[in-house]
Amino acid sequence: MQFHRGLKIRLAGRQGVLAGQMSSLALAAVLMAGGARADSVEDFYRGKTINVLIGVAVGGEYDLHARLTARFIGKYIPGNPNVVPQQMTGAGGLNMANYLYSVAPRDGTYIGMLLATAPAMQAVKGQGVQYDANGFGWIGSICPTVETMTVWKTSGVKTYDDARKTEVIAGATGRGAITYSFPMMMNALLDTKFKIVTGYPGGNDVNLAMERGEVGARNNTWSSWKVTKPEWLKNKDIEVIVQAGPRAKDLPNVPSVEDLAKNPDDRQIIELVVSGTRLGRPLATTPGVPAERLKALRDAFDATMKDPEFIKQAEQIKVEVDPVSGESIQKVVAQVLATPPHLIERAKPLVE
């Protein structure tokens with residue numbers, strides 16, 4: 001009996017030691033796995049290049065925002081990859097959006113500065129749309145925007161009421177871009193008489209056309225006017241006749257298109273068309289990026305927005321910094337895509 005009792009005690013002791021060793025090994029494995037997960041983003045990005053695609057021509061607000069962010073974000077991404085901005089123009093930014101969704105590697109090495117109209121274009125099943133805006137990994141935007149419709153000093157129009165009486169040629173990049181959909185929306189819902197000419201590669205080309213007298217009006221954000229053409233504002237070469245989105249404090253007497261809507265349905269359609277004001281100039285990565293890399297990109301963007309040198313350079317080029325998070329953009333996109341079908345049908349010819 002004593003022999004068996006002693007054997008049981010020795011076996012129990014050995015089992016306890018083995019259990020302790022296994023627990024230690026399991027703990028070590030967990031710690032190693034945790035360390036591997038923590039280091040995986042850094043290991044992945046170390047020595048790599050992140051391509052920041054810009055769907056419109058050089059010199060406009062999209063280009064400025066993309067290049068400013070690209071200049072700083074790399075130092076906040078684990079592994080400190082090189083960040084290279086580059087143009088991929090065509091179809092008013094649609095080509096780049098389709099490429100980012102369907103062709104670019106889905107590993108977090110490609111980012112695009114998408115047009116703010118991208119979700120609305122999808123909502124109305126716009127021609128050429130080959131992406132699902134809900135599928136992008138939205139990263140963030142430097143600030144929301146105030147859209148404006150602006151007329152040249154020789155256009156014969158100075159107010160919204162004038163634009164309802166006088167035909168003015170409005171320059172635009174292409175169908176699907178806000179430069180097209182904004183005056184289209186005004187014609188359809190607010191009785192203006194803009195004749196829209198498309199095909200300009202970017203906003204700077206429309207500006208040159210205004211100076212040459214080819215066109216007399218264009219849509220642009222208020223912040224872009226202040227950054228790219230402050231001399232026009234100073235010399236009163238242009239006049240803002242309406243605004244949309246967050247109200248600009250320095251445009252107190254300019255009516256908002258939302259408030260000019262004739263009924264609640266019209267207002268909801270207008271809000272769909274100008275939904276990009278809540279997105280600003282949004283950055284997104286491809287679908288399918290691992291969650292930890294998307295989080296790292298979002299965290300890096302958030303850190304960039306707080307970088308003192310970034311803020312200093314933004315101030316120098318008159319870019320307002322009032323960040324919109326990737327999570328917030330994701331929610332706005334979902335709301336846009338949930339617009340009721342009967343309103344989508346009415347909005348479709350205005351946006352696509």
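The values are calculated or read from the model by the stated rules, or taken from the named source; none is laboratory data. Note that the coordinates shown come from a computational prediction; the quantities given were computed from them, not determined experimentally. Note that each Cβ is placed from the backbone with ideal geometry, even for glycine, and that neighbours are counted across all protein chains shown.
So which strands (runs of 3 or more DSSP E) stay within region 133-195 end to end and still have 3 or more residues that are surrounded by 24 or more Cβ atoms within 10 Å (Cβ to Cβ)? Ranges flagged: 137-141, 147-152.
Residue-wise test of (1) among the charged types (D, E, K, R); (2) in contact with a helix residue (DSSP H, G or I) (Cβ under 7 Å, 6 or more places away or on another chain); (3) modelled with pLDDT of 95 or more.
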{"position": "75", "(1), (2), (3)": "yes, no, yes"}
{"position": "81", "(1), (2), (3)": "no, yes, yes"}
{"position": "105", "(1), (2), (3)": "no, no, yes"}
{"position": "113", "(1), (2), (3)": "no, yes, yes"}
{"position": "134", "(1), (2), (3)": "no, yes, yes"}
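Each residue in region 56-100 was checked for being hydrophobic (A, V, I, L, M, F, W, C) and buried (at least 22 other Cβ atoms within 10 Å of the Cβ), and 10 of them qualify.
Of all the numbered requirements in (1) in contact with an Asp or Glu (Cβ under 8 Å, 6 or more places away or on another chain); (2) surrounded by fewer than 23 Cβ atoms within 10 Å (Cβ to Cβ), residue 107 misses one, and that requirement is (1).
Within region 290-323, take every residue that is aliphatic (A, V, I, L, M) and under 30 Å from residue 43 (Cβ atoms) and give me the one that is farthest from the chain's Cα centre (by Cα). Filtering first and then ranking leaves 291. The one condition from (1) buried (at least 22 other Cβ atoms within 10 Å of the Cβ); (2) assigned to a helix (DSSP H, G or I); (3) under 18 Å from the mean Cα position of the chain (by Cα) that residue 350 does not meet is (3).
Residues in region 283-333 that are farther than 22 Å from residue 50 by Cα and either in contact with a Pro (Cβ under 9 Å, 6 or more places away or on another chain) or of a type in the set (Asp, Glu) (or both): 315, 318, 320, 322, 332, 333. Selection of region 54-93 for residues being within 18 Å of the chain's Cα centre (by Cα) and of a type in the set (Val, Ile, Thr) yields 54, 56, 58, 69, 73, 83, 84, 89.
Taking residue 236, is it under 26 Å from the mean Cα position of the chain (by Cα) and basic (Lys, Arg)? Judged against the criteria, residue 236 is not a match. If you check residue 117 against the conditions, is it among the hydroxyl-bearing types (Ser, Thr, Tyr) and more than 23 Å from residue 206 (Cα to Cα)? No; evaluated as a whole, the condition is false for this residue. Of 333, 319, 324, all but one fail to be modelled with pLDDT under 95 and crowded, with 20+ Cβ neighbours inside 10 Å; the exception is 319. The residues listed here are 258, 292; of these, the one that is farther than 30 Å from residue 213 by Cβ, without any contact (Cβ under 8 Å) to a residue 40 or more places away in the chain and in a helix (DSSP H, G or I) is 258. Just one of the numbered conditions (1) assigned to a helix (DSSP H, G or I); (2) under 30 Å from residue 44 (Cβ atoms); (3) among the hydrophobic types (A, V, I, L, M, F, W, C) is not true of residue 272: (2).
Residue 163 meets all of the listed conditions (1) touching a helix residue (DSSP H, G or I) at 6+ places or on another chain (Cβ under 7 Å); (2) at pLDDT 95 or above; (3) among the hydrophobic types (A, V, I, L, M, F, W, C) but one, namely (1). Could you list all residues from region 298-335 that are basic (Lys, Arg), in contact with a helix residue (DSSP H, G or I) (Cβ under 7 Å, 6 or more places away or on another chain) and either outside the structural domain of residue 81 (by TED's automatic domain parsing) or part of a helix (DSSP H, G or I) (or both)? The one that is basic (Lys, Arg), in contact with a helix residue (DSSP H, G or I) (Cβ under 7 Å, 6 or more places away or on another chain) and either outside the structural domain of residue 81 (by TED's automatic domain parsing) or part of a helix (DSSP H, G or I) (or both): 298.
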